[in-house]
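Novice: Below are the C-alpha cells for one structure; questions will follow.
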Amino acid sequence: MKKRMVGAVCAVVLLASQALYADDAPVPTQIVDTMNRLFGVHPGFRANHAKGVVVEGSFKAAPGAAALSRAVLFAGDTIPVTVRFSDATGLPTIPDGAGNANPHGMAIKFHPPGGADTDMVINSLKFFPVATGEDFRDLLQAISESPADAPKPTKFEQFVASHPSVPKAFATASTPDSFAHETYYGIDAFVLVNKAGAKQAVRYIMQPEKAVHLTPGVAAKRPNDFLVDELPARVSKHPVVFHLKAQLAAAGDSTKDPTQPWPDDRKVVELGTLTLDKTVPDSLAAQKKLLFLPGQITDGIELSDDPLVAARNAAYAVSFSRRQ
Ligand code: HEM
C-alpha cells in the first residue's frame, strides 16, 4: 500500500513547480496555492476534487432522527437535494480508476422548503491523514518538495515518519465500481441538538445499498470516465439509494481529532434515506456554479471543536473565488 501511495504521490509531484506560497498569506490560501502548484491551474475547475458529476433527488428522514436533532432536515418532510460525486485531485481529466482519484467525494446540498440550504461534504476515507489545516498545508508542501529524484529521506517520507496517520488514512480508500457503490464518511465531528436542547456529537456515514471495490489493476484498466459516465446512466434507469447514518460519540471520544476514528462498537443511528433519481442535463455547467461548504449547517446542527471545518470552509471559498 505504501509503495502504491508513494507512486501515486510521485506522479502528482511531476506536475509541481518549485514556487513557494507567500508565507504571510492565510493558511487556507497557502493550501489552495499549493494545490494549484501540485495539480496545475485549470480555469473554472475546483482546486481539489476537480472532476465530478451532479445528480438530483430527495432526502426523507428516518422516524428516529428528530429525537437527535431539531434540524428541519430531520422533521420528516421530503427534501430536494443536489449531489456532486467527485474524484480527488485538482486534475479535471484524471482517470476515474487512478489510485490518485481516491478518495472519491460526495457533496450534498439539502434544499429544505422555506429554509436555507444545508451542506454535507464527505469522502471515502474513513478518517483524515492530518488533524489541522496547518498540517494539511505541510503535507501538500512536503509532497510538492519530493520529486522522484529528491534526496532520501524525502520531505514526504519525513512528514509520514512524524505523522503515521497519513499512510493509515490513505489505505482506507480504494476505487469503487460505481459512485453508487461507495461508503462516504463525514470524518469531521458535528453536534446534533434536539428540541429539548440535548446535544450529541456525531460523525456522518453515507451507506450505499452495497459497496463494491475494484483491485488497483482492474481499476486502472477501466475507461477514463467510467465513474462519471456510469452514474447518470444508472440514475436514469432506476433510483440510487443511500442511507444517511450518524455514529454517536461516547463520553471521552475526541471530537477535535479527525485522524482518530471512534471505536467500531459506537452506536450508529439511521438518520434517513437519500434517493437520487434525476440526472442534470449539463452537469459540467451545473457543478461550476455550485459551492458546497462543510460548515454550511442549520439550526439543530452545530460545529464541534474539530478545527478542520473552519480551515475547509475558508479553503473552499478561496478555490470558489478563483474558479469563478
Ligand atoms: C484541511 C482539510 C481540507 C482542505 C483544506 C480541503 C480543501 C478542499 C478544496 C480547496 C476543495 C475545492 C472546493 C471548491 O472549489 O468548491 C475541496 C473539495 C472537496 N473536499 Fe476537501 N479539503 C479538506 C478536507 C476534506 C475532508 C475531511 C473531506 C471529507 C470528509 C473533504 C471532501 C471534499 C469533497 C467531497 C470536495 C468536493 C466538493 C464539491 O463537490 O464541490 N475534504 N477540498
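The values are calculated or read from the model by the stated rules, or taken from the named source; none is laboratory data. Just so it is clear, the model here is predicted, and its values are computed rather than measured. Glycine also receives a Cβ, built like all others from the backbone with ideal geometry; neighbour counts cover every protein chain displayed.
Novice: Could you check Gly272 against (1) within 16 Å of the ligand (Cβ to nearest atom); (2) within 30 Å of Ala196 (Cβ to Cβ); (3) touching a helix residue (DSSP H, G or I) at 6+ places or on another chain (Cβ under 8 Å); (4) of a type outside the set (A, V, I, L, M, F, W, C) and say which number it fails?
Specialist: Checking Gly272 against (1) within 16 Å of the ligand (Cβ to nearest atom); (2) within 30 Å of Ala196 (Cβ to Cβ); (3) touching a helix residue (DSSP H, G or I) at 6+ places or on another chain (Cβ under 8 Å); (4) of a type outside the set (A, V, I, L, M, F, W, C), the one that fails is (1).
Novice: Here is a follow-up. Of the conditions (1) more than 16 Å from the ligand (Cβ to nearest atom); (2) touching a residue at least 40 places away in the same chain (Cβ under 8 Å), Tyr204 fails just one. Which one is it?
Specialist: It fails just one condition, (1).
Novice: To continue, here is another question. Scan the stretch 144-162 for residues that are within 16 Å of the ligand (Cβ to nearest atom) and either of a type in the set (D, E, K, R) or surrounded by fewer than 21 Cβ atoms within 10 Å (Cβ to Cβ) (or both) and report the count.
Specialist: 0
Novice: Something else about it: Only residues that are among the small types (Gly, Ala, Ser) and crowded, with 17+ Cβ neighbours inside 10 Å: list them for the stretch 303-324, please.
Specialist: Listed by number, the residues that qualify are Ser304, Ala311, Ala314, Ala315, Ser319.
Novice: Here are some conditions: (1) part of a loop (DSSP other than H, G, I, E, B); (2) touching a Lys or Arg at 6+ places or on another chain (Cβ under 6 Å). Ile205 meets all but one. Which one does it not meet?
Specialist: Here Ile205 meets the rest and fails (1).
Novice: Scan the stretch 181-190 and tell me whether some residue there is surrounded by fewer than 21 Cβ atoms within 10 Å (Cβ to Cβ) and part of a loop (DSSP other than H, G, I, E, B).
Specialist: Within the stretch 181-190 (the criterion being surrounded by fewer than 21 Cβ atoms within 10 Å (Cβ to Cβ) and part of a loop (DSSP other than H, G, I, E, B)), the answer is yes, since at least one residue qualifies.
Novice: Regarding Lys288, is this residue in contact with a strand residue (DSSP E or B) (Cβ under 7 Å, 6 or more places away or on another chain), modelled with pLDDT of 95 or more, of a type in the set (Lys, Arg) and within 16 Å of the ligand (Cβ to nearest atom)?
Specialist: When the stated conditions are applied, Lys288 does not pass them.
Novice: Could you list, in sequence order, all residues of the stretch 61-119 that are of a type in the set (S, T, N, Q), within 13 Å of the ligand (Cβ to nearest atom) and part of a loop (DSSP other than H, G, I, E, B)?
Specialist: Scanning the stretch 61-119 gives Thr89, Asn102.
Novice: Next question. Since Val53 meets every condition but one in (1) near the ligand (Cβ under 10 Å from one of its atoms); (2) in a loop (DSSP other than H, G, I, E, B); (3) in contact with a Pro (Cβ under 9 Å, 6 or more places away or on another chain), which condition does it not meet?
Specialist: Status for Val53: all satisfied but (2).
Novice: Let me ask you something else. Pull up the stretch 240-253, narrow it to residues that are part of a loop (DSSP other than H, G, I, E, B) and touching a residue at least 24 places away in the same chain (Cβ under 8 Å), then point me to the one that is surrounded by the fewest Cβ atoms within 10 Å (Cβ to Cβ).
Specialist: Asp253
Novice: May I pose another question? Condition first: buried (at least 19 other Cβ atoms within 10 Å of the Cβ), outside any strand (DSSP E or B) and not hydroxyl-bearing (Ser, Thr, Tyr). Now tell me which residues in the stretch 163-176 satisfy that.
Specialist: Of everything in the stretch 163-176, those that are buried (at least 19 other Cβ atoms within 10 Å of the Cβ), outside any strand (DSSP E or B) and not hydroxyl-bearing (Ser, Thr, Tyr) turn out to be His163, Val166, Ala169, Phe170, Ala173.
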